[in-house]
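The values are calculated or read from the model by the stated rules, or taken from the named source; none is laboratory data. Since the model is a prediction, treat every value here as computed from it, not as a measurement. Cβ coordinates were reconstructed from backbone atoms using ideal geometry, including for glycine residues, and neighbour counts include every protein chain displayed. Remember, those area values only see protein heavy atoms, side chains included, never the ligands or the DNA or RNA. Shrake-Rupley method; radii C 1.70, N 1.55, O 1.52, S 1.80 Å.
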Amino acid sequence: LDEVTFIELWEAMLAIAPRTAALAAERAPGAGAARLDEVVARVEGARSADAAVGLVVEFFGLVAELAGNRVLVMSTQPLTRLLAPSLRRMIDRVPQAQARIVVAERCIAEAVRRGKPAEAETWMTRHVQDFRRGYELAGMALGTRVAVPA
């Protein structure tokens, strides 16, 4: 994982996360959304970038869990391990990042609540695309290697 670049991470997230969100909306409406809402509320209230990042990672992991597919849960783990340091750098440099994350994650949770897979997929796609835009706004090159925590 030490050689992975941001763009490689982003492409993998774009390939996996939206479909995972759609499956969560198909398989876990109602109670699953309540768990997502709780995480989003904590993201919104996070007072540090580190706390916010940890909660965003938790959100992605929970979406995978709600999708009811163990392979997607396992696939999400290395993605979020790579996501955390990239997101941390971006949040430090883009003041509106945390607020935009909250909006997208609320919309994903609402789509899961209402059992709307296409809507969940669309919002997750936007969420992942916004991650790239934030990275670019932060002035970081897409070919930057992701710093993997030990």
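Looking at the chain, the accessible area is 48 square angstrom per residue; that uses a 1.4 Å probe and ignores ligands, DNA and RNA.
Give me the base-10 log of I(q)/I(0) for the range 1-91 at each q in 0.13, 0.16, 0.17 Å⁻¹, Debye formula, one uniform scatterer per Cα, rounded to two decimals. For the range 1-91 at q = 0.13, 0.16, 0.17 Å⁻¹, log10 I(q)/I(0) is -0.43, -0.65, -0.73. Restricting the range 15-74 to trypsin sites (Lys or Arg not before Pro) that sit in a DSSP loop and have at most 15 other Cβ atoms within 10 Å of their own Cβ leaves Arg47. Among the GluC sites (Glu not before Pro) in the range 1-105, those placed in a DSSP loop whose Cβ has at most 12 other Cβ atoms within 10 Å are Glu3. Our helix-only sum for the chain, with -39,500 (n - 2.57) per DSSP H run of n ≥ 4 divided by its residues, gives a mean residue ellipticity at 222 nm of -27000 deg cm²/dmol. Within the chain, helices built from complete DSSP H runs that reach 18 Å or longer along their own axis (Cα positions) and carry a mean Kyte-Doolittle hydropathy of 0.5 or higher are 6-27, 49-67, 97-113.
The portion of the accessible surface of the chain made up by carbon and sulfur, rounded to a whole percent, is 54 (1.4 Å probe; DNA, RNA and ligands excluded). I need the Debye-formula profile for the range 33-150: one equal scatterer per C-alpha, no solvent, reported as log10 I(q)/I(0) at q = 0.10, 0.11, 0.12 1/Å, two decimals. Result of the Debye calculation: -0.28, -0.34, -0.41.
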